[in-house]
Amino acid sequence: MSPLTPETLGDLLAEYDFDNGCVTRVSIDDPFTPGGATARVVVDARDREHGWPWTPVEFRLSGLRDYRVEHGKGFSGMLYFDPVVSRFSDETHGELLYLDFDPVDGPGQYEPVDAVDVVGRSQCFFAAEHMTWRVLAPEASPRLAAAGPPGDLA
């Protein structure tokens with residue numbers, strides 16, 4: 001698992017293109033302990049280095065403090081831009097990382113000014129104490145598993 005922060009986001013985006021990608025799985029494990037919940041989000045992205053095949057990328061967020069995934073209100077799971085990672089202080093939990101899959105105009109075009117900006121605007125975001133990412137096998141994505149072998153999904 002590679003760490004995901006505002007400083008390391010560029011490493012992820014150098015390898016994977018999330019434009020026209022798709023959120024295919026969101027799992028929240030909440031044991032109701034002081035450490036908070038853990039989220040697992042799987043997104044199909046294009047692998048820039050290996051001929052642009054669709055590849056599932058998993059994000060793990062521990063110490064999950066807030067999130068939103070709205071269905072049917074404009075967010076369909078389809079990504080139009082690369083995700084944005086921001087760091088803001090929270091009055092209750094201290095410093096949190098915000099992973100936004102629904103940035104207004106994409107990274108570099110719009111940078112949220114504070115946590116309230118992300119929470120009030122995004123239809124798909126996660127706020128957590130720690131974030132990591134890794135690449136999964138194609139069958140880990142419901143969409144890719146249903147499509148069959150590489151090349152069957154345009």
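Summary of values
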| item | result |
| --- | --- |
| Of all accessible heavy-atom area on the range 1-69, the percent that carbon and sulfur account for (1.4 Å) | 47 |
| Chain lengthening between ASP30 and ASP11 when straightened (0.36 nm per residue, less Cα-Cα) | 3.9 nm |
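The values are calculated or read from the model by the stated rules, or taken from the named source; none is laboratory data. For clarity, every value in this text was computed on a predicted model and none was experimentally measured. Accessible surface areas use protein heavy atoms only, side chains included; no ligands, DNA or RNA. Shrake-Rupley method; radii C 1.70, N 1.55, O 1.52, S 1.80 Å.
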